[in-house]
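The values are calculated or read from the model by the stated rules, or taken from the named source; none is laboratory data. Note that the structure is a prediction, hence the values are computed from the model and not measured. All Cβ positions, even for glycine, are placed from backbone atoms using ideal geometry, and neighbour counts span all protein chains on display. Surface areas here come from the heavy atoms of the whole protein model, side chains and all, with no ligands, DNA or RNA. Shrake-Rupley method; radii C 1.70, N 1.55, O 1.52, S 1.80 Å.
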Amino acid sequence: MASGLIGRLVGTKPSRLTTAARLIPARWTSTGAEAETKASSGGGRESKLKNFQIYRWNPDNPGKPELQNYQIDLKDCGPMVLDALIKIKNEMDPSLTFRRSCREGICGSCAMNIDGCNGLACLTKIQDGASETTITPLPHMFVIKDLVVDMTNFYNQYKSIEPWLKRKTPPSVPGKEILQSKKDRAKLDGMYECILCACCSTSCPSYWWNPESYLGPAALLHANRWISDSRDEYTKERLEAIDDEFKLYRCHTILNCARACPKGLNPGKQITHIKQLQR
Amino acid sequence: MGASKLSGMQKQVLSLYRGFLRAARSKPIEDRKRIEMIVSTEFRHNSKEVDRKNFQYIEYLLRLGTKQLDQLKSPDIISLSSVKVVASKT
């Protein structure tokens, strides 16, 4: 198989490849280490430079927040924005501060605003081309440092909807699970996958203007998740708790939330479901 | 002391300071003195060092202080202590 690959490489534009590159069966998605060996062995590789404008603000040296420019060679970097950020932090500026954990889009830590759209840095590919990429923290959130924002209000709103199972009657078989049919479990699809990254809530203009009183798409999605759960017996109380001019009805179906969600969920649809139940 | 009419932000700072002193009152006596000392030095230092117009930084400090005050109010917390660190300007 390797020889087949080499055969194809030699056939296409042999003048552009150095002898060393031809000898190595090429994987064009390069990791940092591989790229270094290639670069050192074959000197003819062109570098694809891209500029990143990143929001910087340091509370220890407080001044005005600024966009700082960093140049990255995309050939030496992984495909995602998070790879670029880590490369900048490792090689160029160790003081760049951002949250990250799983690097696979499941933890929700690296949520930030990339080129105007909220998303997870570990799932957003770096846009090819010469244009600059602007990275700023989640909009209309208080900034603690650089790209790290204060999420306490967001988490408190999630806590306020009481996101746990509440029952009035003990389970039918004591000590065992409360059973649920497949159809009832299917009702939770599209809501249980939420990772609380805050991309949706921070993209909602209604949430920008009323962050303390409006619960926001993420909290309301979770509220609907517990309202729709067949095992939960406090449905009426849950609906009454959010049946409020500000908590629920600040939603004007702008639907920026569905656009921003990195997991492809639709919080707007779930909010409409709650509104229908409220009648 | 200050202007005759205090701005909203100045009132917030003062109410935060008062909150700290009230929280200190609920702690044992020697810890109370230490808390009052730390809080008053911090506030006085910032009032001199921080530019009055640097709203973003002042709001940041207010939020930080409110979080610390909420922690201090909890009955499990008995005292504050502080360590002097010389920040290197690198």
Checklist outcome for this item: For the protein assembly as shown, the per residue accessible area (1.4 Å probe, Å²) is 62
Checklist outcome for this item: Expected sort for A:169-179, B:32-42 on mean C-beta neighbours within 10 Å, highest first, is B:32-42, A:169-179
Checklist entry - Averaged over A:56-64, how many beta carbons belonging to a partner chain fall within 10 Å of each residue's beta carbon? => result 3
Checklist entry - So what does log10 I(q)/I(0) come out to for the protein assembly as shown at q = 0.06, 0.09 Å⁻¹, using the Debye formula with one equal point on every Cα and no solvent? => result -0.36, -0.75
Next on the checklist: I want to verify the translational diffusion coefficient of the stretch A:142-279 in µm²/s; compute it with Stokes-Einstein, Rh as the Kirkwood radius over Cα pairs, at 10 °C and 1.306 mPa s.
Outcome noted: 101
Checklist outcome for this item: Taking alpha-carbon centroids only, the stretch A:210-257 lies from the stretch A:117-156 a number of Å equal to 25
Checklist entry - Roughly how many percent of the accessible protein surface of the stretch A:193-279 is carbon and sulfur, given a 1.4 Å probe and a whole-percent answer? => result 51
Item to check | FRET efficiency, 1/(1 + (r/R0)^6) with R0 41 Å, evaluated for A:Tyr192 and B:Ile78 via beta carbons | outcome: 0.50
Checklist entry - Going by the alpha-carbon gyration tensor, a ≥ b ≥ c the square roots of its eigenvalues, is the stretch A:66-142 rounded (a/c under 1.5) or, if a/c is not under 1.5, prolate (a/b greater than b/c) versus oblate? => result rounded
Checklist outcome for this item: In whole percent, the fraction of accessible protein surface over chain B that belongs to carbon or sulfur atoms, probe radius 1.4 Å, stands at 56
Checklist entry - Within the protein assembly as shown, which cysteines find no other Cys whose Cβ is under 4.7 angstrom from their own? => result A:Cys77, A:Cys110, A:Cys117, A:Cys122, A:Cys194, A:Cys197, A:Cys199, A:Cys204, A:Cys251, A:Cys261
Item to check | Chains A and B, summed buried accessible surface - 1.4 Å probe, Å², nearest 100 | outcome: 800
Item to check | Environment charge at B:Ile35 (Cβ cut-off 14 Å; Lys +1, Arg +1, Asp -1, Glu -1) | outcome: +4
Next on the checklist: Over chain B, with a Gaussian network built from C-alpha contacts below 10 Å, which listed residue (B:Lys27, B:Lys48, B:Lys67) shows the highest mean-square fluctuation?
Outcome noted: B:Lys48
Item to check | Pairwise FRET efficiency - B:Glu59 versus A:Leu179, Cβ, R0 = 56 Å, nearest 0.05 | outcome: 0.65
Checklist outcome for this item: Phi angles of the stretch B:71-81, converted by Karplus (6.51 cos²θ - 1.76 cosθ + 1.60, θ = phi - 60°) into ³J(HN,Hα) in whole Hz with x for Gly and Pro, give 5, 5, 5, 4, x, 6, 7, 10, 7, 10, 9
Checklist entry - What average count of beta carbons from other chains do you get within 10 Å of the Cβ of residues in B:56-64? => result 4
Item to check | Karplus-derived 3J(HN,Hα), 6.51/-1.76/1.60, for each residue of the stretch B:40-57, Hz, glycine and proline x | outcome: 5, 5, 4, 5, 5, 4, 5, 5, 7, 7, 7, 5, 4, 8, 7, 4, 4, 5
Checklist entry - Given only helices, namely DSSP H runs of n ≥ 4 each adding -39500 (n - 2.57), what is the per-residue ellipticity at 222 nm of chain B, to the nearest 500 deg cm²/dmol? => result -22000 deg cm²/dmol
Checklist outcome for this item: So for chain B, using the alpha carbon gyration tensor with a ≥ b ≥ c as root eigenvalues (a/c under 1.5 gives rounded; past that, a/b versus b/c decides prolate or oblate), I'd call it oblate
Checklist entry - What net charge is computed for the residues neighbouring B:Leu69, neighbours being all others with C-beta under 14 Å from the C-beta of B:Leu69, Lys and Arg scored +1, Asp and Glu -1? => result +4
Next on the checklist: Let me make sure I get this right: for the stretch A:205-254, a, b and c are the square roots of the gyration tensor eigenvalues over alpha carbons, sorted descending. Under 1.5 in a/c it's rounded, otherwise prolate if a/b > b/c, else oblate. Which is it?
Outcome noted: prolate
Checklist entry - the stretch A:118-160: which residues show an accessible-area loss of 50 Å² or more, assembly versus chain alone, 1.4 Å probe? => result A:Phe142
Next on the checklist: Within the stretch A:44-139, what whole-number % of the accessible surface is contributed by carbon and sulfur, with the 1.4 Å probe and all protein chains included in the calculation?
Outcome noted: 46
